[in-house]
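**Student:** Just dropping this structure here.
Readers should treat all values here as calculations from the given coordinates under stated rules, not as data from a laboratory. This is a predicted model, so every value here is computed, not measured. Here Cβ is always computed from backbone atoms with ideal geometry, including for glycine, and neighbour counts include all displayed protein chains.
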Amino acid sequence: MTIRSDEAAAMLADVDSVVAKVKQSRIYRLAALIMTLWGVVNLVRDGLIAIGPAWFGPRWFFVDALGVAGTIGILRYSASPGARFPVRTLAGFLLFYAFGWIWAHLLGHFGPRQQMAFWPTLFLFGYSVAGLWFGPAFTAIGLSVTALVVAAYFWAGGAFTLWLAVVTGGGFILCGLWMRRA
Amino acid sequence: MDGPDDVIHQPIRLRVMAALTACDPGDEGLDFTRLKGLTGATDGNLGAHLDNLARAGYVEVTKAFVARRPRTTVKASPQGRAAFARHVAFLKSIIAGA
């Protein structure tokens, strides 16, 4: 069997293309799990804040802590046997959180409404940027949900918290399910 | 340097092996539908190519029922991974020697 160099190059390009698709698919599946988890977290947290703001408002942190623990669990569970824990991914989340905390609590003097709009849009911004490397679905989801949150900030009035619960909660769950199939 | 691997050389089988070896050895592999999407093959065509690869000992095919639906999962065997690596090295050597 004789193979010319241009045929060999075409075959290797084909191999690279398939490998890239498989790797992107794995990233999407992992992101889908984390997104679905945070969809549930957002739905529960914002839903409870909408229903009982006085009682649940100061306790939102516990729901987020469950989300963080779940995220760490997913990252650990999805890692291949013997693979190192994705420390850089976790560090990225923590840096985003630290940046947000500095602006939300030290520099920004945000009120409750601004806080509730700021946090999801901050992480959605990260999603949008990540899409430039990991796949267009991240950017599409990041920008779409950000637009819905910003729209709610200006026009949802008293239903803002409930809107957030539906958009960032339900939206993330739907996006997570969609990404699993992407 | 070895010559081409006659089993892997066929374009669909090359794509199948590329996809399966891109998964970690500890993973469960890829399901039939996903492989079909990655290779662009039809059901019957992919099935025939998988039979070829399985006969060569390059893949392990597992059939099971998940939620009452049949599910076929395919995984590269250690022998298949080694053969694919040799074939890719052979293709690279052709380019390097051109």
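**Student:** Go ahead and set up a Gaussian network model of chain A, Cα springs under 10 Å, then flag whichever of A:Ala31, A:Ala54, A:Ala156 fluctuates most.
**Tutor:** Between A:Ala31, A:Ala54, A:Ala156, it is A:Ala54 that shows the largest mean-square fluctuation.
**Student:** Among A:Ser144, A:Ser25, A:Ser17, which one shows the biggest mean-square fluctuation in a GNM of chain A, springs joining Cα atoms closer than 10 Å?
**Tutor:** Comparing A:Ser144, A:Ser25, A:Ser17 in the GNM, the peak value goes to A:Ser17.
**Student:** I would also like to ask the following. May I ask you to list the lysines whose Cα is less than 16 Å away from that of B:Lys75, ignoring any residue fewer than eight positions away on the same chain?
**Tutor:** Filter leaves A:Lys23, B:Lys36, B:Lys63.
**Student:** Next question, about the same structure. Can you work out ³J(HN,Hα) from phi for every residue in segment B:35-48, in order, using Karplus 6.51 cos²θ - 1.76 cosθ + 1.60 and θ = phi - 60°, giving whole Hz and x for Gly and Pro?
**Tutor:** Values per residue, Gly and Pro as x: 5, 4, x, 6, 9, x, 8, 7, 4, x, 4, 5, x, 5 Hz.
**Student:** Next question, about the same structure. Using only DSSP helix segments of four residues or longer, with each worth -39500 (n - 2.57), what per-residue ellipticity at 222 nm results for the protein assembly as shown after dividing by its residue count and rounding to 500? Let's see the in-between values first.
**Tutor:** Working: 13 runs with 200 residues, N = 280.
One gets -23500 deg cm²/dmol as the mean residue ellipticity at 222 nm.
**Student:** Between 0 and 90 degrees, rounded to the nearest ten: what's the tilt of helix B:11-21 against the longest Cα principal axis of chain B?
**Tutor:** Rounded to the nearest ten degrees, it is 80.
**Student:** Counting other C-beta atoms within 10 Å, which of A:Leu174, A:Leu37 has the fewest, and how do the rest follow? Mind showing how you got there, number by number?
**Tutor:** Working: A:Leu174 14, A:Leu37 20.
Fewest to most other Cβ atoms nearby, the residues stand as A:Leu174, A:Leu37.
**Student:** Using a Gaussian network model on chain A with a 10 Å cutoff between Cα atoms, which of A:Gly142, A:Gly100, A:Gly171 fluctuates the most?
**Tutor:** Among A:Gly142, A:Gly100, A:Gly171, the largest GNM mean-square fluctuation belongs to A:Gly100.
**Student:** Let me ask something else about it. Roughly what would the spin-label model give for A:Leu107 and A:Gln24, points 7 Å off Cα along C-beta, in nm?
**Tutor:** 3.5
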